[in-house]
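The values are calculated or read from the model by the stated rules, or taken from the named source; none is laboratory data. This is a predicted model, so every value here is computed, not measured. Virtual Cβ from ideal backbone geometry, glycine too; neighbours counted across all protein chains shown.
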Amino acid sequence: MLTNPVLVSVVLMSVLCLLKVNILLAIIASALTAGLISGIPLIAGDGGDTIMSLLIGGMGGQAETALSYVLLGALAVGIHQTGLATMLSRSIEKIFGKRAKVFLLVLAGISCLSQNLIPIHIAFIPILVPPLLTMMNDMKLDRRAAACALTFGLKAPYIALPAGFGLIFQGIIASNLEANGMTIAAGSVWRYMTLPALGMVLGLLTAIFVSYRKPRSYENKAVSQSDSGENAVSTAFTTRHLGAVLGAVSAFAVQLIVGSLPLGAFVGLVVMVLFGSIPFKELDETMNGGVRMMGFIAFVMLVASGYAAVIRATGGVEAIVNASANAVGGSKLIGAIVMLLLGLLITMGIGTSFGTIPVVATIYVPLCATLGFSPAATAVLVGVAGALGDAGSPASDSTLGPTSGLNADGQHDHIWDTCVPTFLHYNIPLMIFGTIAAMIF
């Protein structure tokens, strides 16, 4: 078990990230380590896959997400340059004033809506959050609490609410249970996932009212090189502002209708150019600003997808699950804890809860049947195992998304200010409440 390529690789990646090694380098080093331990060749031989060919070939799995990030970054920069976002932030500041904790709860609520009511996922973050940073600085709000609020909304709703991404996630759970010989109605999964979701609510409240309740000071810095951060913004609503509104609405509408976030962002940019919100002569500058804001995160998503391909090719996931299954010894409680710990490990490496479900269900469903778990309890174990690690994984969009907004001025560390806080406040409650739910149902 100690030489399992997945275990060694994920531990290495976590340690390197905590030591503040660049996340791209940490992921590549971890992929190389996993490949070498499992015997995947480093140098091409008789036409078989090498570690780097698997890594590079697997990067295509997140190509759409990476392109979306860059285009959304450009859209966010364009909206910011019109002053519309600054006007919005001033309005929000008038409403909330110094009520930082109320603002954080509202931020979590807005994030929830992005999963279920208007399923745009992280697309709202680079547009809404950067112009709010000055207000948050004035409040002396700890951005780690804001990261927890945003990540809560990106995770908890799809776990428990049967709408939007939640309907998709719960459908994946039901279909994979059925594919492995256990039947459960997709429409009933949310009932059993409610208790683990309540654990996340407890984690959110702990982050806001206990862990990060104290003031934390930040400097007021520009969010892009084209903005000094001190330019006066007119309160008059102009055609440029109208174009920015229509651009944002067009981006979301196209994404919802067509199902393509990159196309939506592209249409939004075109609308803003046509309305003069982005002057044609400044289009290159706007695109460069989008790359500066979101380009690095886009590359992290690409490399993380390649890393997941290497992890799957090692065969280490199946080996570690099988070894753990043999060690359970017939105990339902131990079995539940072990399965959730494995889900945490696997998702921390793969970085996606949706993609983890098919991986773990193949082994979990027969094991749950052997241990006497009901279909409801099995659904909980599979669902929570998939969700575990998504909050806290350096390569997850549930952490990369909040960082993209909160670090727009370069004062928010991805690992220590997003990943570690969200890991502690959500994965621990998910483990505890997930185990309780599995034993109850």
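For the reader, a short list of remarks on this structure follows.
- Applying the condition of being among the basic types (Lys, Arg) and part of a helix (DSSP H, G or I) to segment 70-107 and asking which residue is modelled with the highest pLDDT yields 101.
- Subset of segment 343-381 (residues that are under 19 Å from the mean Cα position of the chain (by Cα), at pLDDT 80 or above and among the aliphatic types (A, V, I, L, M)): 344, 345, 357
- Test result for residue 120, among the β-branched types (Val, Ile, Thr) and at pLDDT below 85: yes
- Taking segment 129-222 and the helices (runs of 4 or more DSSP H) fully enclosed by it, the elements with 1 or more residues that are touching a helix residue (DSSP H, G or I) at 6+ places or on another chain (Cβ under 6 Å), buried (at least 18 other Cβ atoms within 10 Å of the Cβ) and small (Gly, Ala, Ser) are at 143-160, 165-179, 189-206.
- Qualifying residue in segment 35-53 (condition: at negative phi, hydroxyl-bearing (Ser, Thr, Tyr) and surrounded by 21 or more Cβ atoms within 10 Å (Cβ to Cβ)): yes
- Scanning segment 365-385 for residues that are in a helix (DSSP H, G or I) and without any contact (Cβ under 8 Å) to a residue 60 or more places away in the chain yields 367, 370, 371, 381, 385.
- Within segment 36-69, tally of residues that are of a type outside the set (A, V, I, L, M), more than 22 Å from residue 297 (Cα to Cα) and modelled with pLDDT of 80 or more: 5
- Evaluating residue 293 against the criteria (1) farther than 17 Å from residue 77 by Cα; (2) modelled with pLDDT under 85; (3) surrounded by 21 or more Cβ atoms within 10 Å (Cβ to Cβ) leaves one unmet condition, (1).
- Residues considered: 343, 276, 315. Of these, the only one that is surrounded by fewer than 24 Cβ atoms within 10 Å (Cβ to Cβ) and closer than 30 Å to residue 49 by Cβ is 315.
- Checking each residue of segment 41-49 against the condition of being in contact with a Gly (Cβ under 9 Å, 6 or more places away or on another chain), part of a helix (DSSP H, G or I) and either of a type outside the set (Lys, Arg) or within 21 Å of residue 255 (Cβ to Cβ) (or both) gives no match.
- If you check 165, 124 for being among the aromatic types (Phe, Trp, Tyr), without any contact (Cβ under 8 Å) to a residue 60 or more places away in the chain and in contact with a Pro (Cβ under 8 Å, 6 or more places away or on another chain), only one passes: 165.
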